[in-house]
1. Taking residue A:102 as meeting all but one of (1) among the hydroxyl-bearing types (Ser, Thr, Tyr); (2) in contact with a helix residue (DSSP H, G or I) (Cβ under 9 Å, 6 or more places away or on another chain); (3) assigned to a strand (DSSP E or B), write down the number of the exception.
2. If I filter the stretch B:61-81 for residues that are within 18 Å of residue A:162 (Cβ to Cβ), of a type in the set (D, E, K, R), open to solvent by 30 Å² or more (accessible area, probe 1.4 Å) and within 11 Å of another protein chain (Cβ to nearest Cβ), do I get at least one hit?
3. Restricting attention to the stretch A:104-131, report how many residues are of a type in the set (A, V, I, L, M, F, W, C), more than 7 Å from chain B (Cβ to nearest Cβ) and touching a Ser or Thr at 6+ places or on another chain (Cβ under 9 Å).
4. Identify the residue in the stretch B:211-230 that is within 11 Å of chain A (Cβ to nearest Cβ), aliphatic (A, V, I, L, M) and over 27 Å from residue B:106 (Cβ atoms) and, among all such residues, is most open to solvent (accessible area, probe 1.4 Å).
5. Those residues that are within 10 Å of chain A (Cβ to nearest Cβ) and either aromatic (Phe, Trp, Tyr) or within 18 Å of the chain's Cα centre (by Cα) (or both), I need them from the stretch B:93-107; list them, please.
6. Give me a count of the residues in the stretch B:138-177 that are over 21 Å from the mean Cα position of the chain (by Cα) and open to solvent by 60 Å² or more (accessible area, probe 1.4 Å).
7. Which members of the stretch B:233-242 meet the condition of being in contact with a Lys or Arg (Cβ under 9 Å, 6 or more places away or on another chain) and surrounded by fewer than 22 Cβ atoms within 10 Å (Cβ to Cβ)?
8. Report, by residue number, each residue of the stretch B:186-208 that is away from chain A (no Cβ under 12 Å) and either assigned to a loop (DSSP other than H, G, I, E, B) or touching a Phe, Trp or Tyr at 6+ places or on another chain (Cβ under 9 Å) (or both).
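The values are calculated or read from the model by the stated rules, or taken from the named source; none is laboratory data. Since we're looking at a predicted model, the values are computed, not measured. Positions of Cβ are backbone-derived with ideal geometry, glycine not excepted, and every protein chain shown enters the neighbour counts. Ligands, DNA and RNA are stripped out before the accessible areas are found, and what is left, the full protein with its side chains, is counted by its heavy atoms. Shrake-Rupley method; radii C 1.70, N 1.55, O 1.52, S 1.80 Å.
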Amino acid sequence: MAETEPGAAATPPAGAAIPTPPAAAPAGRWPRRIGPFIITRRSAWIAAAAVVLLAAVAWGGTGYRYRPYVDEPVRLSGPAPRSDRELKQLVSRLDRRSRELTTRLKAAAPRGVYIVIDQTQNRIYLRKDAETLLDATCSAGSGMVLKESVGKKREWVFDTPRGRFEVLSMLRDPVWAKPDWAFVEDGLPIPTNPADRFESGSLGEYALYFGNGYMIHGTLYERLLGRAVSHGCIRVGREDLRKVWANVRIGTRIYIY
Amino acid sequence: MAMTTPRACVRTCIAVIVAAVAVLSAAACGKDAAAPPVEDDATRAARLQRLNGLLERQVELASGKDFYLVLDPAQSELALMLSGAELQSYRVTGLQVGTPRVSWIGRKDATPWQNVVWLHGELDPPRELDRLVFQAPPPKKDAAEPEPPPIPPTPEEMYPVPSRYQVRFDEGRSIEVRPLDADQKASRFARFGAWWSAKWHDVVAALFREDRDAVRLRLVLSPKDAASLYRSLPPAVRLIVLTKDRPAEAAPKRPAGAGR
């Protein structure tokens with residue numbers, strides 16, 4: 001199709017009104033001369049389209065390329081054996097080492113019954129070797145921060161610790177020796193007589209102490225199990241706690257994550 | 001010259017076809033029954049060397065105090081572990097390795113990531129705990145019974161899980177976790193939005209962030225497992241990727257029902 005350039009309009013017939021040129025398209029804009037090149041409107045469009053297309057192709061190929069997982073090819077490292085005999089000796093040595101490491105790895109795994117606690121999802125598992133004996137809800141630390149308003153202006157964070165622990169002591173009908181924060185939280189003065197700290201019944205039937213003031217124990221608030229409400233201890237429902245109590249002993253490993 | 005009837009012709013053809021099928025079947029059976037190719041000592045030594053390297057790292061991880069993930073492509077499993085104990089395991093339904101590229105050209109070779117321990121893994125976006133701060137009232141002897149605190153949200157309410165997330169490790173290594181059929185229930189517009197957002201982030205990472213995501217393992221987990229991993233992953237976790245090719249006796253033992 002022929003393109004009519006603004007400057008090349010036909011001369012109007014005699015007597016006709018002379019039309020005013022459109023103000024939006026200044027005369028002489030196209031073609032343009034850039035250095036030795038003369039660029040028409042069409043070639044400019046084609047060039048722009050080509051740039052956009054190239055950019056789109058480049059953008060499409062930028063990012064991440066995903067491939068199925070494959071192992072790295074195996075390569076023998078270290079000095080190469082000089083004879084078949086040496087190679088056989090190397091294989092035998094590596095085989096022995098492999099068996100030894102496998103044994104050490106198996107030895108690191110817990111034997112017998114152990115407890116696993118998922119503190120963010122408030123779950124407790126009791127496992128024995130390859131078997132799960134109990135999968136139940138519990139309540140872990142709320143993560144709340146308690147600030148004392150008078151005195152030493154202490155601060156407590158009610159988190160459940162993560163890591164590997166052991167059952168250090170097992171208590172039937174435990175009596176809770178209330179720590180300072182329990183009084184501060186309730187707005188009560190901290191007792192000077194240690195006997196005023198003891199409280200019965202609030203820890204349920206059993207408590208398994210695993211250090212630094214933390215325990216796995218029962219609760220009066222079973223309706224809150226599954227939610228993070230404790231001050232860092234692990235609260236377990238009555239029936240589940242009985243099952244835990246029946247299967248663990250002092251030294252049983254506890255893994256909290 | 002002997003005359004052959006059409007019936008005889010058909011019989012002959014059938015006999016030939018039956019014989020050919022029998023010969024081919026026998027050949028196929030023979031091929032199947034053939035002994036597997038014998039591994040030469042050099043290959044076996046190389047495989048054992050690699051296996052021992054991995055076992056040494058696993059023993060090292062099991063004797064440490066840090067949490068670690070073991071990705072086992074042979075068993076299609078990701079396990080969260082501590083001191084040699086498997087705490088939780090997740091079924092991996094898809095595993096791919098992603099490397100950055102710019103305009104269809106691979107940007108650079110990633111640092112070696114197999115047979116090494118990945119360090120300091122952190123969630124991205126991070127899982128944040130909105131801590132409640134409680135200012136204790138001044139102590140009074142006859143203090144009234146304090147108001148019970150509000151019932152806290154469930155873990156599902158506390159930690160909303162993004163549809164896709166990453167665990168970023170040192171040296172530009174990361175894993176990207178995608179729930180299986182993550183976007184299937186979303187509208188087309190939402191799916192396009194998710195795709196666009198992921199593409200945009202990938203382009204920016206490939207172009208400008210040389211130190212991030214030099215290698216990215218994409219894991220597809222069930223939606224439940226993906227959410228569980230996001231909510232439970234401890235900070236500063238480590239990762240080791242096992243090899244597919246290893247003796248059966250080297251496979252880790254998994255507690256039944258763990259993570260299912």
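1. If we test residue A:102 against (1) among the hydroxyl-bearing types (Ser, Thr, Tyr); (2) in contact with a helix residue (DSSP H, G or I) (Cβ under 9 Å, 6 or more places away or on another chain); (3) assigned to a strand (DSSP E or B), just (3) comes out false.
2. yes
3. Pass one, the stretch A:104-131, residues of a type in the set (A, V, I, L, M, F, W, C): A:105, A:107-109, A:113, A:115-117, A:124, A:126, A:130.
From what's left, more than 7 Å from chain B (Cβ to nearest Cβ): A:107, A:113, A:115, A:117, A:124, A:126.
Those left that are additionally touching a Ser or Thr at 6+ places or on another chain (Cβ under 9 Å): A:113, A:115, A:117, A:124, A:126.
Matching residues across the stretch A:104-131 total 5.
4. Applying the filter and picking the extreme gives B:227.
5. Scanning the stretch B:93-107 gives B:94, B:95, B:96, B:97, B:98, B:99, B:104.
6. 15
7. So in the stretch B:233-242, the residues in contact with a Lys or Arg (Cβ under 9 Å, 6 or more places away or on another chain) come out as B:233-235, B:239-240.
Within the stretch B:233-242, B:233, B:234, B:235, B:240 qualify.
8. B:186, B:187, listed by residue number.
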